[in-house]
C-alpha cells in the first residue's frame with residue numbers, strides 16, 4: 001500500500017473519530033485518538049511525500065475538522081441519543097405560567113373598576129365585584145378611586161386612574177349663540193346703523209344738511 005493511501009486513511013479515520021466523539025460521550029478518549037490519527041497522517045505526508053504534499057494535507061485537515069464538527073452538531077439532535085440529551089425546546093404555553101389566567105386578565109383591558117386598596121404601586125382592584133391583584137401604571141392610587149385597566153403584567157392587572165367625564169358641560173360664560181348675543185347687546189340704536197345713515201360725503205363737501213351738523217355755540221352777549 002502506497003504511503004499516500006496511508007495518509008488518506010489516517011486522515012479519514014481521524015475525522016470519523018472527531019464526528020464519533022460528538023455522538024458518543026467517551027470522556028475525551030475518542031477525541032484523543034482522533035488527534036493522534038490526524039497527526040500521524042500529516043506527519044506521514046511530510047515524511048513520505050515531501051513538504052508540498054504535507055502542507056496540502058495539513059491545510060486540508062485544518063479545514064475539514066471544523067466542517068465535520070459543524071455537520072456532527074447539526075445531525076446530533078436528530079439522532080435518538082441527541083433527542084434524549086437535547087430535548088426539543090418548550091412551547092410558549094410551558095414557559096409562561098398560568099396561561100389561562102393571563103388570557104382571562106387580557107379580557108379586562110379597557111374595562112373600569114375601583115381600587116379596593118391603596119396602590120403603592122401594588123395593591124388590589126375590584127372589577128364587577130371581583131378582586132384582582134393590580135399594579136399602578138403611574139403614581140400611587142388611593143383606595144376607592146375609579147381605575148381603568150390598560151394592560152397585564154405577570155398575574156396582575158396594570159391600571160391607571162380613570163378620567164371622570166361630567167354628565168353635562170355648562171359653559172362658564174353662559175350660552176353662546178344668536179339669542180345670547182342679541183340679549184347681550186345694549187338697548188338703543190346700534191352704532192353701525194347710525195354710521196350707515198350718516199352722510200360722510202356731504203360732510204366732506206360741506207353741503208350737507210344743517211341737521212346733520214352740531215349747532216354753533218351761542219355768541220357771548222356783552
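The values are calculated or read from the model by the stated rules, or taken from the named source; none is laboratory data. All figures in this text were calculated on a predicted structure; none of them were measured in a lab. Positions of Cβ are generated from backbone atoms using ideal geometry, with glycine treated the same way; all protein chains shown enter the neighbour counts.
Of the residues screened, residue 50 is one that is out of contact with any helix residue (DSSP H, G or I) (no Cβ under 6 Å at 6 or more places or on another chain), assigned by TED's automatic domain parsing to the domain that holds residue 79 and more than 28 Å from residue 74 (Cα to Cα). Scan region 16-29 and tell me whether some residue there is touching a helix residue (DSSP H, G or I) at 6+ places or on another chain (Cβ under 6 Å) and more than 25 Å from residue 77 (Cβ to Cβ). Looking for residues that are touching a helix residue (DSSP H, G or I) at 6+ places or on another chain (Cβ under 6 Å) and more than 25 Å from residue 77 (Cβ to Cβ), one finds none in region 16-29, hence no.
Restricting attention to region 128-158, the residues that are under 10 Å from residue 115 (Cα atoms) and outside any strand (DSSP E or B) add up to 4.
Yes or no, residue by residue, for (1) within 56 Å of the chain's Cα centre (by Cα); (2) modelled with pLDDT of 90 or more; (3) at positive phi; (4) surrounded by 14 or more Cβ atoms within 10 Å (Cβ to Cβ):
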position: 5; (1), (2), (3), (4): no, no, no, no
position: 16; (1), (2), (3), (4): yes, no, no, yes
position: 20; (1), (2), (3), (4): yes, no, no, yes
position: 24; (1), (2), (3), (4): yes, no, no, no
position: 31; (1), (2), (3), (4): yes, no, no, yes
position: 34; (1), (2), (3), (4): yes, no, no, yes
position: 42; (1), (2), (3), (4): yes, no, no, yes
position: 50; (1), (2), (3), (4): no, no, yes, no
position: 53; (1), (2), (3), (4): no, no, no, yes
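You will find that of 30, 36, the residue that is in the same structural domain as residue 69 (by TED's automatic domain parsing), without any contact (Cβ under 8 Å) to a residue 24 or more places away in the chain and more than 20 Å from residue 71 (Cα to Cα) is 36 and no other.
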